[in-house]
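Structure, as structure tokens:
The numbers here are math on the coordinates, done by the rules we state, and not lab data. None of these values were measured; they are calculated from a predicted model. In this analysis, Cβ positions are derived from the backbone assuming ideal geometry, glycine residues included, and neighbour counts consider all displayed protein chains.
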Amino acid sequence: MTPLLLVSLLLVLLFLVTAWSVKSRSRWGGNGILVWALGLLAWVWLLIAATGAGFPGTMWCAFAVAHAAVGAAGWIVARWMGDTLPGSDGRGWYHLATVIAAAELLSLGAGALVLVAVPVGSLGEGGDDGRIALVVMGAVGLLLWAGAVWSMLHYLRDVARGRRRAAPGRADAVIVLGAGLVDDKVSDLLACRCDRGAQAWYTVTARRPARSTPLIVSGGRGEDEPCTEAEAMHHYLASRGFPRAAVIEEGDATDTTENLHFSLDLLEERGVHDPSVVVCTSDFHVLRTERIVEMLGRERGDNGLPFSAVVLGAPTPRAAIPASYLREYVALMLHRIVGRA
């Protein structure tokens, strides 16, 4: 069995194991190590594919050390985040994989630079052919890396716009999207969403005091949560002096599409047709929510249930920003490709 075939089989096997683990054991912090190992093995495959087994030992060592350093830095940051994040969004277990995956992206750019800069004659046997292959791979890697960085900068710009957006002057309801709980309490991240929703509700009702405007808190119960997110959000708002009578709980939704769909159904049941709603979520989640609003608007419009919505972004707790932004950026890219949340 050739080295390339052996590494290819190992790469496929590790990819399948990583995909299964992330899907079925998403709370396992070791997923980050699997992601890091997958990236390392991918680099090994690229090097063998470009140069064969005759790749110089010094270059192998340089790549191994650089990649190990990137992975170690990502692991240290992720573990620090994991210790501080349970109070921010209740998902500290997830961020090891997220941050290390981001470190892989950075190593792609750094590795591409090295590939482009490999000197002629340093590759031993078949040096010229290997040089051409490495330069091509390095150039492609640089283009992909630069495109990802450019796209991320635009994403951050749009995140800031969603956070600064003001509540409209008219709305039939305010909808707050759920997020993870910490035991039976809202996380800091979810508390920010609730605060943004309350702020929007006060703005809307101040402009239309004669009309009752509900605030719908939407979120079901996760497998490890003692109550629905909607219940925890309602309790949090009441503890902050928000009028209980204005809150409607929607406790069945399991994702953003259901958050919106079920909340709009509640309004329809209460005789509110063709509603104009304000949707409050985290700032990093605004763009994907707007895409879901657009898709749901077409679907419900075709069924005679039109609605319009403005999405507002709540500030994200500082400790949660790196992993939350990175994870949502990837989710947004996937949503654009497959068309689902």
Requested in this report: Once you have a ≥ b ≥ c as the square roots of the Cα gyration tensor eigenvalues for region 218-341, tell me rounded if a/c is under 1.5, and otherwise prolate or oblate according to whether a/b is larger than b/c.
Outcome: oblate
**Report entry** Linear extension gain, R161 paired with L4, 0.36 nm per residue minus alpha-carbon span
**Finding:** 51.8 nm
Query raised in the report: Under 5 Å between amide H atoms, partner at least 5 residues away or on a different chain: which partners does S282 have, H built in plane at 1.01 Å?
Result: A314
Query raised in the report: Which residues' amide hydrogens lie under 5 Å from the amide hydrogen of V247, considering only partners 5 or more residues apart or on another chain, with H built in the peptide plane?
Result: L215
Query raised in the report: For C280, what charge total do you get from the other residues with a beta carbon under 10 Å from its beta carbon, if Lys and Arg give +1 and Asp and Glu give -1?
Result: +1
Query raised in the report: What FRET efficiency, computed as 1/(1 + (r/R0)^6) with R0 = 51 Å and r the Cβ-Cβ distance, is obtained for A245 and K23, rounded to the nearest 0.05?
Result: 0.75
Query raised in the report: Amide H to amide H under 5 Å from V182: which residues, 5+ apart in sequence or cross-chain, H placed 1.01 Å off N in plane?
Result: S187
Query raised in the report: For M333 and A206 in the same chain, what is the full-extension length gain: residue separation times 0.36 nm, less their Cα-Cα distance, in nm?
Result: 41.9 nm
**Report entry** Added length on full extension, which subtracts the Cα-Cα distance from 0.36 nm per residue, L153 to M295
**Finding:** 48.6 nm
Query raised in the report: From the square roots a ≥ b ≥ c of the eigenvalues of the alpha-carbon gyration tensor of region 151-210, which class results: rounded (a/c under 1.5), prolate (a/b over b/c), or oblate?
Result: oblate
